[in-house]
Amino acid sequence: MIVRKEEVLVFVEVKLRSSTSFGDPLEAVTPRKQATLRRLAHQYLSEREPDFDTVRFDVVGILAARDRPRVRHVVAEGLFYGIQIRRVGRQELEVCPSGFD
């Protein structure tokens, strides 16, 4: 899912599990999955050229347990190696550690 919050473009990965038998939903976003999401985000940005200042990656984990569903939203801090992308020029993108100076 791709959403915008003010001048931030947010790529959101949503994981749903009915139980924790195979782990917490957030655990399903492995380093391999993170790399795939970064690659897809870069492709989207290159093809669509959306107007934004910063790109962020979030994960939403939903545990749909019978008694009570649990939803956890995690902002990119600590995920995706803390990578954010920002536009430098019309055609240039800059990959930066989380938290710009």
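The values are calculated or read from the model by the stated rules, or taken from the named source; none is laboratory data. All figures in this text were calculated on a predicted structure; none of them were measured in a lab. We place every Cβ from the backbone using ideal geometry, glycine too, and count neighbours over all the protein chains shown. Surface areas here come from the heavy atoms of the whole protein model, side chains and all, with no ligands, DNA or RNA. Shrake-Rupley method; radii C 1.70, N 1.55, O 1.52, S 1.80 Å.
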Tell me whether the stretch 13-24 contains one or more residues that are at pLDDT 85 or above and touching a Phe, Trp or Tyr at 6+ places or on another chain (Cβ under 9 Å). yes
Inside the stretch 65-76, the number of residues satisfying the requirement of being open to solvent by 50 Å² or more (accessible area, probe 1.4 Å), modelled with pLDDT under 85 and either under 18 Å from E6 (Cβ atoms) or in contact with a Cys (Cβ under 8 Å, 6 or more places away or on another chain) (or both) is 1
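Restricting to the stretch 3-12, and then to whatever is open to solvent by 30 Å² or more (accessible area, probe 1.4 Å) and in contact with a strand residue (DSSP E or B) (Cβ under 6 Å, 6 or more places away or on another chain), can you tell me which residue is farthest from V59 (Cα to Cα)?
V8
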By residue number, the members of the stretch 25-64 that are part of a loop (DSSP other than H, G, I, E, B) and open to solvent by 30 Å² or more (accessible area, probe 1.4 Å) are T30, E49, D51, D53, A64
The lone condition L16 fails out of (1) open to solvent by 90 Å² or more (accessible area, probe 1.4 Å); (2) part of a helix (DSSP H, G or I) is (2)
In contact (Cβ under 8 Å) with a residue 24 or more places away in the chain, more than 20 Å from V71 (Cα to Cα) and not in a helix (DSSP H, G or I): is that true of L9 in this structure? yes
